[in-house]
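A.B. asks: If you scroll down you'll find the structure; I have some questions about it.
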Amino acid sequence: MADQTQSKPMHKVEYEKQQHKEEMKHQVLTFALMILFTLIAFGMVVMEVNSYFIIPTLIILAIVQVAFQLYYFMHMKNKGHDMVALMMYGGAAVALLTIITFTSIIWW
């Protein structure tokens with residue numbers, strides 16, 4: 001296989017290298033934040049923090065970690081993932097509506 005850098009202009013190669021470097025920085029930072037959020041969650045559970053505080057906090061940390069997974073590790077922020085994102089968000093909306101529906105049926 002021929003080297004791809006020979007067919008591209010040098011400035012484009014440098015730009016792509018810079019973009020890959022920035023992408024890697026974002027992924028490493030996101031990974032570190034996810035590890036920190038996990039340690040915070042475990043710490044709160046181990047310290048037996050008040051359940052009225054811990055449950056919403058854990059849910060918020062979980063939602064943030066899911067967003068990090070989708071946007072940085074599954075590359076949902078990149079171009080060309082519009083239909084996949086639409087299907088995922090549509091499925092999440094249907095799941096949320098189903099949970100709300102069954103919860104309201106049970107409670108009322």
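A.B. asks: Would you be able to say whether some residue in segment 35-48 is surrounded by 14 or more Cβ atoms within 10 Å (Cβ to Cβ) and over 23 Å from LEU96 (Cβ atoms)?
C.D. replies: Scanning segment 35-48 turns up at least one residue that is surrounded by 14 or more Cβ atoms within 10 Å (Cβ to Cβ) and over 23 Å from LEU96 (Cβ atoms).
A.B. asks: Any residue that is at pLDDT 80 or above, at negative phi and of a type in the set (A, V, I, L, M) - is there at least one of those in segment 8-18?
C.D. replies: Yes; the residues of segment 8-18 include at least one that is at pLDDT 80 or above, at negative phi and of a type in the set (A, V, I, L, M).
A.B. asks: In the set TYR52, TYR89, TYR72, which member is over 19 Å from GLU23 (Cβ atoms), assigned to a helix (DSSP H, G or I), under 14 Å from the mean Cα position of the chain (by Cα) and among the hydroxyl-bearing types (Ser, Thr, Tyr)?
C.D. replies: TYR89
A.B. asks: When only residues in segment 49-81 that are among the small types (Gly, Ala, Ser) and modelled with pLDDT under 90 count, which is nearest to ALA32 (Cα to Cα)?
C.D. replies: ALA67
The values are calculated or read from the model by the stated rules, or taken from the named source; none is laboratory data. Since we're looking at a predicted model, the values are computed, not measured. Here Cβ is always computed from backbone atoms with ideal geometry, including for glycine, and neighbour counts include all displayed protein chains.
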